[in-house]
Each structure stands twice: as structure tokens, then as C-alpha cells.
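Asks: Sharing a structure here in C-alpha cells format.
The values are calculated or read from the model by the stated rules, or taken from the named source; none is laboratory data. Quick caveat: nothing in here was measured; it's all calculated off a predicted structure. So basically every Cβ, Gly included, is an ideal-geometry build from the backbone, and we count neighbours across all protein chains shown. These accessible areas exclude ligands, DNA and RNA; they are computed on the full protein's heavy atoms, side chains included. Shrake-Rupley method; radii C 1.70, N 1.55, O 1.52, S 1.80 Å.
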Amino acid sequence: MTRTFQAIIWDFGGVFTSSPFEAFNRYEAASGLPVDFVRTVNSINPLENAWAKLERSQVDAETFDQLFRAEAVALGHDVPGRDILGLLSGSLRPRVVNALKVCKTRGKAGCITNNAPIGKGASMTNDDAKARELAAVFDLFDHLIESSKLGIRKPDPRIYALMCEALDVDPKACVYLDDLGINLKPAREMGMATIKVTSEEQLLTDLEAVTGYALR
């Protein structure tokens, strides 16, 4: 039997949009870098590296460019951080937006996004039309938490607790979706049902199975 949920809580990048990891891999291939090199850089000292500081708004884009480049050079390849910032905003997945709308007829919806203080709004894109398109999706949530505005980021357990408090829901009555396993662990430890997103189709299948909602 499926559980009854008070809220579905979503990550954004890699969930509502195509994964930046795909863009990273295309960049790596074009630049002659090892596969997943960018993710490797970001996995070293993950709580205090350039990426973490940017998502907490502790550094600006220019400083990130320098810090990320130094971290990449230490691993053997010269990669400017500014190149990586241009890869962060993926393409919208309309079927996931429709799933959000269905979920909203059954309960509350929240979004916790680790983002950076770059681009136009929460989406981090510099394209005006794309920024408007993604802003319309952000407007669908009952509550939005941006790491760059809050100053803390996933997987800090506080960010999940703050979302539950804002939505006035019990964590044990929530589903949380994210494309990074490290970000699912705190939610799961709070009692949330969790879904690791690897593709659009898999997201819809797993969310239907957990909730019993007809999303397609």
C-alpha cells in the first residue's frame, strides 16, 4: 500500500531540468578532460571547496573562477571556473512540471535548491526567455529555499528541517527527490521517503509507485 503524504519536496537542477552533469560531460569531451573530471573536483572537500562556498554566497563568480581553477590544477588540469558556471542551467522537463501540478492537487510542494548567486533569479541562467520560463515553475511551489540566499546548503540537515517548518508538515509524511545521493541521506534520516533521480522517465515511474498518483 502507498503512504499518504502531506508534501512532495523537490530539488530543481537535474530534476526539473536536464542534469548539469550531462553538460559537464560534453564540456569534458570537447576539452580533452577525463570523464567526470568536474564532478571529481567538486567532490574534493565538498563542504568547503569553491563549489560549496559559491552555493552559500560566500564567494562571487570571479572568486569562484579562481578557486575552482586552482582546485582543478591541483588535480592535473587547468579548468577555469567561469567555464563551469556557464553549464549549470539545463533544459526544462515539461512532464516533470506536469507531475508537480498533479502533486499539488494532493498536498503541498516545496523546493530546496543548491544554487549560486549568478544569472537571472533562482535558475542561474542569463537567457531572459529561459529565466521567465523557469521562474514560472518556481512560482508553483508553496515554498522555495535557495542555498545562495539562506547561506546554508544541502546536505546540511537544517535546510530540510526549515522546509518542513515552512510547509508545516511532518517529515515522515513527505517525499524528497534529488539527483544526488548525498542530498537524500539527511531527508531519509528524518523519515522522508526519498527518490534518487537519474532520468525523467525513472522519476515519474518511482514517484507514481511511492505516492500512487497518476502522473502521466
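Asks: Restricting to the stretch 139-171, count the residues that are of a type in the set (A, V, I, L, M, F, W, C) and either open to solvent by less than 30 Å² (accessible area, probe 1.4 Å) or touching a Leu at 6+ places or on another chain (Cβ under 7 Å) (or both).
Replies: 9
Asks: Can I ask one more? Could you tell me which residue of the stretch 75-107 is nearest to F24 (Cα to Cα), considering only residues that are in a helix (DSSP H, G or I) and open to solvent by 40 Å² or more (accessible area, probe 1.4 Å)?
Replies: Here the answer is D83.
Asks: Could you check T40 against (1) over 21 Å from L150 (Cβ atoms); (2) without any contact (Cβ under 8 Å) to a residue 24 or more places away in the chain; (3) surrounded by fewer than 17 Cβ atoms within 10 Å (Cβ to Cβ) and say which number it fails?
Replies: (2)
Asks: I would also like to ask the following. Restricting the stretch 73-90 to residues that are of a type in the set (A, V, I, L, M, F, W, C) and in contact with a Leu (Cβ under 9 Å, 6 or more places away or on another chain), which is farthest from A23 (Cα to Cα)?
Replies: V79
Asks: Still on this structure, I have one more. Mind checking which helices (runs of 4 or more DSSP H) fall wholly inside the stretch 148-216 and carry at least 3 residues that are touching a helix residue (DSSP H, G or I) at 6+ places or on another chain (Cβ under 9 Å) and among the acidic types (D, E)? Lay out the reasoning, then the answer.
Replies: Values: elements: 157-167, 181-189, 200-211.
Where helices (runs of 4 or more DSSP H) fall fully within the stretch 148-216 and carry at least 3 residues being touching a helix residue (DSSP H, G or I) at 6+ places or on another chain (Cβ under 9 Å) and among the acidic types (D, E), they are 200-211.
Asks: Could you please give the count of residues in the stretch 44-60 that are over 17 Å from G13 (Cβ atoms) and assigned to a helix (DSSP H, G or I)?
Replies: Going through the stretch 44-60 one residue at a time, the tally reaches 2.
Asks: Picking from E28, E55, which residue would you name as being closer than 20 Å to L180 by Cβ, open to solvent by less than 40 Å² (accessible area, probe 1.4 Å) and either in contact with a Ser or Thr (Cβ under 8 Å, 6 or more places away or on another chain) or touching a residue at least 40 places away in the same chain (Cβ under 8 Å) (or both)?
Replies: E55
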